[in-house]
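As structure tokens, the structure follows; a few thoughts come after it.
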Amino acid sequence: MGAILSIEYVEILKRRAQQFVKYGDVALQNEDYDLACFMYHQASELYLKAILLRLTGHVPRLHSIRQLLALLIKILEEVFHQRLNDIIDLLRYFTSRYRSELKLLDEVYVQARYAPRRYSREECESLRDLSRHILEVVKLIEERLSSI
């Protein structure tokens, strides 16, 4: 995939992520909590994959938000350690602070589609907020990368 296509692919992933948030909000409003939770997972996954594609030139074949965040931290440490210490510290704090919510978000990937488990409005709102936080953190990373 050429550089221009990679840049276009990054934008496609980000646009899809934003659409997943939008339709997740519609599902939440319609009290379809399982589907909304799944959409918030997808939004988080695609936005993280977009920044990883930008940094590495490929999309990891992972679905775990925690693993994607760990990979992002590792790459930022290896490539930009001195210049992005504050961002790396923020990501570490974020993964620690939202540990239980991130675990729930990872669970949603399978459970919301196949398991008899039902998600509550409160869980769904928590995942919506978490998904938005992930998008904000990735946008912050993108802004910093643009200034390097």
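The values are calculated or read from the model by the stated rules, or taken from the named source; none is laboratory data. Please read all numbers here as calculations on a predicted model, not as lab measurements. Positions of Cβ are generated from backbone atoms using ideal geometry, with glycine treated the same way; all protein chains shown enter the neighbour counts.
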Exercise. Does residue 12 satisfy the criteria of being at pLDDT below 95, part of a helix (DSSP H, G or I), of a type in the set (A, V, I, L, M) and loosely packed, with under 15 Cβ neighbours inside 10 Å?
Worked result: no
For this session: Go through (1) crowded, with 22+ Cβ neighbours inside 10 Å; (2) touching an Asp or Glu at 6+ places or on another chain (Cβ under 8 Å) and name the single condition residue 54 misses.
Result: (1)
Seminar exercise, completed: Expected output for the range 40-57 (first residue without any contact (Cβ under 8 Å) to a residue 40 or more places away in the chain and within 11 Å of residue 68 (Cα to Cα), partner in a helix (DSSP H, G or I) and of a type in the set (Lys, Arg), Cβ below 7 Å, 6+ apart or cross-chain) is 46/16
Exercise. When the range 96-148 is examined, which residues are found to be among the hydroxyl-bearing types (Ser, Thr, Tyr) and surrounded by 15 or more Cβ atoms within 10 Å (Cβ to Cβ)?
Worked result: 98, 109, 119, 126, 131
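A quick yes/no check of all residues on (1) among the small types (Gly, Ala, Ser); (2) closer than 22 Å to residue 41 by Cα:
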residue	(1), (2)
62	no, yes
67	no, yes
70	yes, yes
74	no, yes
77	no, no
80	no, no
92	no, yes
95	no, yes
103	no, yes
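Scan the range 53-62 and tell me whether some residue there is on the phi < 0 side of the Ramachandran plot and under 11 Å from the mean Cα position of the chain (by Cα). Outline the logic, then answer.
Initial filter on the range 53-62 (on the phi < 0 side of the Ramachandran plot): 53-56, 58-62.
Filter once more, so that each one left must be under 11 Å from the mean Cα position of the chain (by Cα): none.
Looking for residues that are on the phi < 0 side of the Ramachandran plot and under 11 Å from the mean Cα position of the chain (by Cα), one finds none in the range 53-62, hence no.
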